[in-house]
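Bear in mind that the values in this text are calculations on the coordinates, not laboratory data. All figures in this text were calculated on a predicted structure; none of them were measured in a lab. Every residue, glycine as well, gets a Cβ built from its backbone with ideal geometry; the counts of neighbours run over all protein chains shown.
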Amino acid sequence: MIVKEEFLSKLRRYFSLNLYEVKIWAALLSRGVSTAGELSDIADVPRSRSYDVLETLEKKGFVVMKLGKPIKYLAVPPNEVLERVKKNVTEDAKDQIKRLEELKATEVLNELNSLHSQGVELVEPSDLSGSLRGRHNLYNHLELMIRNAENTVTLMTTSQGFVRKIEGLKPAFEKVKKRGVKVRIAAPITKECMAAVKDISSVAEVRHTDQRARFCIIDGKELIFMVLNDSDVHPTYDVGVWVNTPFFAKALEELFETAWKSMKPVR
């Protein structure tokens with residue numbers, strides 16, 4: 001059986017299978033029905049492993065075992081496999097969410113918070129910093145910072161970044177706004193941004209700036225700044241630096257305050 005490695009890699013990624021599983025499954029799909037020994041030879045998988053692999057694939061709903069001698073295996077149509085995988089993923093996610101919700105009512109979470117509080121007290125101020133790679137990680141940390149804001153959220157971004165942040169972070173902005181947190185956003189506002197401006201106008205004050213920068217300051221105490229131009233870098237290679245330092249954060253916020261006064265309000 002000749003199957004490109006790229007194709008096998010896609011199957012592993014989409015269906016969460018290991019290498020032996022995708023090889024056996026692809027081999028069975030090419031035959032329709034076959035024995036474990038035949039599939040072992042076709043897929044170049046050790047015969048001692050092929051039985052375990054087929055048993056796992058059967059439990060996951062990829063194959064059906066036909067009783068008889070020798071035992072043969074029948075390939076389930078890929079469309080049906082896809083639906084089964086989707087169902088299993090959904091059920092697993094619901095179970096995981098349920099367990100995590102139940103965790104809130106246990107002492108485990110209190111103990112974890114206690115450990116974290118004790119640990120933070122031992123951390124040197126210079127250690128309260130870190131680098132974040134990938135826009136997904138950046139936005140996750142940015143959302144965490146915003147949710148923990150008590151007084152102010154000061155954000156400066158690009159035109160594209162403005163639209164992305166409104167789409168992804170609006171619920172976080174709305175929550176802190178209800179607590180009385182002041183949210184300000186500065187960005188180069190273009191026609192493409194106006195829908196996002198309208199969407200966030202009740203939650204944050206938005207002003208136009210011709211300057212290009214990417215940072216967020218929370219309560220004048222901690223900040224995260226991105227070191228690359230988002231239009232020049234792939235999202236997976238975007239890089240940000242997070243620092244928890246009131247000295248630097250407050251100084252940068254004061255500079256922003258001066259620039260904010262000269263920016264044009266957007267309505």
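The table for this structure:
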{"read-out": "Helix 159-178 axis, angle to the chain major axis (alpha carbon atoms, nearest 10°)", "value": "80 degrees"}
{"read-out": "For residue 238, residues with placed amide H under 5 Å, excluding near neighbours", "value": "134, 135"}
{"read-out": "Pairwise label distance in nanometres, residue 82 with residue 4, each label 7 Å out on the Cα-Cβ vector", "value": "1.9 nm"}
{"read-out": "Model label zone, residue 194; criterion: amide N under 19 Å from point 7 Å along Cα-to-beta-carbon; scope segment 157-172", "value": "159-164, 166-167"}
{"read-out": "FRET efficiency for residue 133 and residue 51, using Cβ-Cβ distance with R0 set to 30 Å, rounded to 0.05", "value": "0.10"}
{"read-out": "Between segment 86-100 and segment 192-237, the Cα center-to-center distance that results, in Å", "value": "34 Å"}
{"read-out": "16 Å cut-off, amide nitrogen to a point 7 angstrom out along residue 167 Cα→Cβ, residues in segment 191-216", "value": "191-200"}
{"read-out": "The chain: antiparallel DSSP beta bridges as a percent of all, rounded to 5", "value": "75 percent"}
{"read-out": "Whole-Hz couplings from phi, Karplus 6.51/-1.76/1.60, listed for segment 88-94; x for Gly and Pro", "value": "5, 4, 4, 5, 5, 5, 4"}
{"read-out": "Point-to-point label distance, residue 239-residue 12, nm (Cα→Cβ direction, 7 Å offset)", "value": "2.8 nm"}
{"read-out": "Segment residue 201-residue 58, length gained on full extension (0.36 nm per residue, minus Cα span)", "value": "46.2 nm"}
{"read-out": "Potential lengthening between residue 259 and residue 210 on full extension [0.36 nm per residue; Cα-Cα distance subtracted]", "value": "16.5 nm"}
{"read-out": "Ascending count of other beta-carbon atoms within 10 Å, so fewest first, for 198, 191", "value": "191, 198"}
{"read-out": "Long-range tail of P(r) for segment 1-97 (Cα pairs > 22 Å, %)", "value": "26 percent"}
{"read-out": "Point-to-point label distance, residue 69-residue 141, nm (Cα→Cβ direction, 7 Å offset)", "value": "6.4 nm"}
{"read-out": "Convex hull per residue volume in Å³, alpha carbons only, for segment 115-267", "value": "114 Å³"}
{"read-out": "Lys pairs under 23 Å by Cα in segment 84-219, provided they are eight or more residues apart or on distinct chains", "value": "19"}
{"read-out": "Whole-Hz couplings from phi, Karplus 6.51/-1.76/1.60, listed for segment 60-69; x for Gly and Pro", "value": "7, x, 8, 9, 10, 8, 9, 5, x, 10"}
{"read-out": "Relative pair counts by distance (%), Cα atoms of the chain, 10 Å bins", "value": "6, 21, 21, 16, 17, 13, 6, 1, 0"}
